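Working notes, beginning with the structure itself.
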């Protein structure tokens, strides 16, 4: 710090001085063919950039178009906030992530693959499975609404209809009847008679039951390997050696030899009724 102040002081004595406003007045510094006036340099003022202002007032709209634009922004923000929940409750994500979690637990690999990898794989498979449904909903509801051909209510009903069809095809009648009895509603005759508030919990219960059934089937071969390894260790008198240390490599080897991921993902994707 002292070195910096001393250098600055020497610079001011040699090349110029500082006026009352803190501006540096240069003396004796000249360019070829042009002399720099000290009073011109001292009058130069730096201009700070102006920042844009954001208006968050709640004034009444002057034109009907302003209200429509505001409502569109509110709807888009609401959909972005609810998007993670919609992915969980209205798509194939629930079944896929639970089955992948059962697979990792059955193999006994602890944190491998990591949770982030399993969630990413479940999301990718969800996008793959739900692409036809989402495309149909976009073409039937969102696209005509953007073209200002239909209203909000009609756009919502058209967009949600393919998702309701998907959920109904993958929901057990027993689970759906349970929530109809709880709400004391009459039996539906068409898909439009099934309320979304009744279909969502019934679909979630069906997905959980299906995922647990698949998880049980995944556990069986790995359980057999654990039992065989434990019996061999008991017969050899190696009771202090954890069976998981011996059975884990065999589990991974057998899973690779039978091309486990190919079989699991293929059957898991085909288990959804489209």
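Between residue 252 and residue 88, the C-beta separation translates, for a Förster distance of 35 Å, into a calculated FRET efficiency of about 0.70. Among 152, 145, the order by Cβ neighbours within 10 angstrom, fewest to most, reads 152, 145.
Residue separation of residue 151 and residue 263 scaled by 0.36 nm, minus their Cα-Cα distance, works out to 35.8 nm of gained length. Extension gain, residue 172-residue 196: 0.36 nm per intervening residue step, less the Cα-Cα distance, totals 7.1 nm. Given a Förster distance of 41 Å, report the FRET efficiency between residue 124 and residue 230 from their Cβ-Cβ distance, rounded to the nearest 0.05. For R0 = 41 Å, the calculated efficiency reads 0.65. When each of 95, 158, 183, 104 is scored by the number of other beta-carbon atoms lying within 10 Å, the sequence from fewest to most is 183, 104, 158, 95.
Determine the shape class of the stretch 85-217: with a ≥ b ≥ c the square roots of the Cα gyration tensor eigenvalues, call it rounded for a/c under 1.5, and otherwise prolate if a/b is greater than b/c, oblate otherwise. It comes out oblate by the Cα gyration axes. Taking 0.36 nm per residue of separation and subtracting the current Cα-Cα distance, fully stretching the chain between residue 105 and residue 273 would add 57.8 nm.
Rounded to the nearest 0.05, what FRET efficiency do residue 131 and residue 76 have when you use their Cβ-Cβ distance and R0 = 22 Å? Mind dumping the intermediate values first?
Details: r = 21 Å, r/R0 = 0.97.
Taking R0 as 22 Å, the efficiency between residue 131 and residue 76 is 0.55.
Where a number appears in this text, it was derived from the coordinates with a stated rule and is not lab data. Everything numeric here is computed off the predicted structure, so don't read it as measured data. So basically every Cβ, Gly included, is an ideal-geometry build from the backbone, and we count neighbours across all protein chains shown.
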